[in-house]
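The values are calculated or read from the model by the stated rules, or taken from the named source; none is laboratory data. Since the structure is predicted, the reported quantities are computational estimates derived from the model, not experimental observations. Heads up, the Cβs are rebuilt from the backbone with ideal geometry, glycines too, and the neighbour counts pull from every protein chain shown.
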Amino acid sequence: MDYKLISTYLDYCKTHKRLSSHTIRAYKNDLMQFYNSDYDNV
């Protein structure tokens, strides 16, 4: 997964699913935390 894919998904949620800006922001925060996670210690 890369940043472009996350951006595309968030654009889809905003335009097609008509989610609020607060929801989009929360999704973005969650996805970025997941994307940047270090799972080597799990």
For Tyr27, only one of the following conditions fails: (1) modelled with pLDDT under 95; (2) under 9 Å from the mean Cα position of the chain (by Cα). What is its number? (1)
Tell me which residues, restricted to region 1-15, are touching a residue at least 24 places away in the same chain (Cβ under 8 Å), over 13 Å from Ala26 (Cα atoms) and surrounded by 11 or more Cβ atoms within 10 Å (Cβ to Cβ). none
